[in-house]
């Protein structure tokens, strides 16, 4: 028997804040789902790894507890629950009940008390899963605590031995909290007693009672603190002590868990659009006999094939085929029957998976084939494969309002299908019709589909990298890190782990007594924004910031890139066509679009990226493309005039918002105007602009108001985008690409405001993505019979590895195709650079 007890409020909050960075996770209805996703992803992982026989999910009740009666300010410093988290709690409880997981709550008590009561009640192996260190007092011979750290992705497992490694017993941990208090729960502790002092006192005196009784043995201020803090320490211990005698009607039969995923459970996941959770649930159902799962989509007949000959015979009469390569080779010519071949190399010459797949792909030449991720298949197929294909991944990405498509299950689940070739065939048919109906066919056929072949060639070509240059930089930065470490230790007056936020917080805010930032249960926050605000207050701060920059550059880029250089001296990235919601490409394994450019050290890294031996790199970069698109879409006469006359738009804007002549615009004025120009594209607020350029909010508001007075059509255009998106639920780019904006229907004001910024920006950023893709397709076609090759796209920049004798022609091709990617009311301007390496080419 194994019991798992969940500290649900703690885990849900952890899941929410772990997944709340960037775009808030919502479904098409605008319903927030981030915390639901994180909580159930964690729960299913627990079920898979621990195989519990009993599960209970304990929740806090929104009502005063016995602790509030003891101490009115208890938890009084906690911020209200975020608006978009509130509606996720009832959904989580609903899903738990559909899984037959017991939901436990008791008015007047906290979830911790329920956990403690149940752990104390049953003499069985028990695991408490929580994000709250308070529960460490519950560790015993039969009870372990799994403490979530770093969101919910990492868990530290505490038993009595692990607790002892940190110098605690369950009892002394409680005494420790009584001495030092807990800022998150507003448990006071003895004023002036911090973590180190509390730990030292318990190391000497062992228990809280002995610490308090020994105040007369201590000296100076410490003796006064302990003597005067006796009552508050005893109260703090009462507040921190978990009640293990909650009157709770709950036996083992209540907690009994028989893994079962019903049709209702899966339907609820589908409605919430929790594709990853659904995939995990169905995967568990397939590997555990005691799981029950009913697929949402209709069933189909499966025909198992034993040899490649049988597979080719089955394929021969088919004119249209759905193909899915996963754990097996699956193909179908209808939604009713799927053929499955699971090849495995053997001693008698049977084909391995890759050989069998290549044979099947070869047999598909000339057939209309519905596939997922054509680019990946092109690497396995021979010449001639691909043009007759329909890529369900790309089509689903367009059709679904630019939702990310990372796996075949993402696409199939989103439309109510299982992961199979039969259903891929059906979905492909459905998407063909839908793209025409939604006016997306041109974007698919003329941009996204031909781009697949461009990206395949770019990935195959790779980017030459000088390993020696990277190793020289590694040596240089290793030496600097060593020197910085010694200087930081000197400024701190002691050595410590510079990479430990907890230790750094203690040094900065306890020892050096700098202005304190945010404090969490794990210690002071030492995020970059907090340290940057302290810059200049102590020499150690700028050194720590420098240390972090260099450490990230060395570990993430230099060390990481060296490992990825191929035998031919080239690094090959993977371009993701269907991940971003804006239509822009992303790059992974490694991310070559994220090589730093804003710092001198980051720019220096680009020297390692070179042309092929004897060649030259040519870089072509759009100039202010989104601002030019803003002029085109808004139709603002002043902006259009400025770009047609090739005026400096930032100087012109500065002249207007500061009310000075062009000749009197200072560099600082121009810099501020530049921030306004680019900020407007992203719907920046007065507060955001003020933070960016370090000016008062009221002045930033004046800048924005003067900008809109200067370019009135821009304001009309931005407001029009928001109105259109609010009415239709989406916004389009120039090519017709759609981005759904469910955030506009959210209850939370901040989420709605985020949706409004998306509506303002997406047509600009999405169209910029359209234009660079169109240019890539045309450039690739013109380079087809040349030695020079397109090797990288980064935002608004294209890079060609050119043969020296073709360099001038390549420059002309890039300029011509990029500047003529679309007919606009303002000219598109491309800046061209060339050099032996990426740094020089810019």
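Can you order the peptides 223-232, 476-485 by their average number of other Cβ atoms within 10 Å per residue, highest first? All intermediate terms of the calculation are to be shown ahead of the outcome.
Working: 223-232: 16.0, 476-485: 14.5.
Per-residue Cβ counts within 10 Å, averaged per peptide and sorted highest first, yield 223-232, 476-485.
Normalising by the residue count of the chain, find the relative contact order in percent from Cα pairs under 8 Å and 6+ residues apart. Can you show the working numbers first?
Working: 1407 pairs, mean separation 86.9, N = 842.
Rounded, it is 10 percent for the chain.
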Reduced to Cα centres, the span from segment 737-780 to segment 394-467 in Å works out to 18
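Highest mean first, what order results for 120-126, 739-745 on Cβ atoms within 10 Å? Provide the component values of the computation, followed by the final result.
Numbers: 120-126: 16.9, 739-745: 22.0.
Per-residue Cβ counts within 10 Å, averaged per peptide and sorted highest first, yield 739-745, 120-126.
Any chance you could run the full-extension gain for residue 328 through residue 306? It's 0.36 nm times the residue separation minus the Cα-Cα distance, nm to one decimal.
On the way: separation 22, 0.36 × 22 = 7.92 nm, distance 1.17 nm.
This chain segment gains 6.7 nm when fully extended.
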Once label points are set 7 Å from the Cα along Cα→Cβ at both residue 227 and residue 79, what is their separation, rounded to one decimal in nm? 4.2
Degrees between helix 667-681 axis and first principal axis of the chain (Cα, 0 to 90, nearest 10): 90
Based only on other Cβ atoms within 10 Å, what is the fewest-to-most ordering of 250, 183, 135, 389? 183, 250, 389, 135
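222 nm [θ] for the chain, helices only, -39500 (n - 2.57) per DSSP H run of 4+, per residue, to 500? Don't skip to the answer; put the middle values down first.
Numbers: 37 runs with 400 residues, N = 842.
Calculated from helices alone, the mean residue ellipticity at 222 nm is -14500 deg cm²/dmol.
Relative contact order, percent, of segment 464-570 when contacts are C-alpha pairs under 8 Å separated by at least 6 residues? Don't skip to the end; give the middle numbers.
Details: 87 pairs, mean separation 40.1, N = 107.
Worked out over segment 464-570, it gives 37 percent.
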Expected sort for 159-166, 553-560, 38-45 on mean C-beta neighbours within 10 Å, highest first, is 38-45, 553-560, 159-166
Using only the alpha-carbon atoms, how far is helix 712-728 inclined from the longest principal axis of the chain? Give it as 0 to 90 degrees, nearest 10. 70
For segment 627-767 the mean separation of alpha carbon contacts under 8 Å (6+ apart) over residue count, i.e. relative contact order in percent, is 22
Computed over the chain: longest principal axis from alpha-carbon atoms vs helix 88-98 long axis, angle to nearest 10 degrees, is 90
Full extension from residue 316 to residue 528: what is 0.36 nm times the residue separation minus their Cα-Cα distance, to one decimal in nm? 70.2 nm
Efficiency of FRET between residue 697 and residue 358 - r from beta-carbon atoms, R0 56 angstrom, step 0.05: 0.35
What residues of segment 752-773 lie in the reach of a label at residue 598, counting those whose backbone N is under 12 Å from a point 7 Å from the Cα along Cα→Cβ? none
So residue 641 and residue 253, fully extended at 0.36 nm per residue minus their Cα-Cα distance, gain in nm 132.0 nm
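Can you work out the FRET efficiency for the pair residue 337 and residue 460, with r the C-beta to C-beta distance and R0 = 41 Å, to the nearest 0.05? Each step should come with its number before you reach the end.
Details: r = 36 Å, r/R0 = 0.87.
Computed FRET efficiency for residue 337 and residue 460: 0.70.
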Can you give me the Cα centroid spacing of segment 177-200 and segment 247-274 in angstrom? 39
Sort 829, 47, 4 by Cβ crowding within 10 Å, fewest neighbours at the top. 829, 47, 4
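Just so you know, all these numbers are worked out from the coordinates, no wet-lab data involved. The structure presented is a predicted model; accordingly, all values stated were derived computationally and were not measured. Don't worry about glycine lacking a Cβ; one is built from the backbone with ideal geometry, like all the others, and counts go over all protein chains shown.
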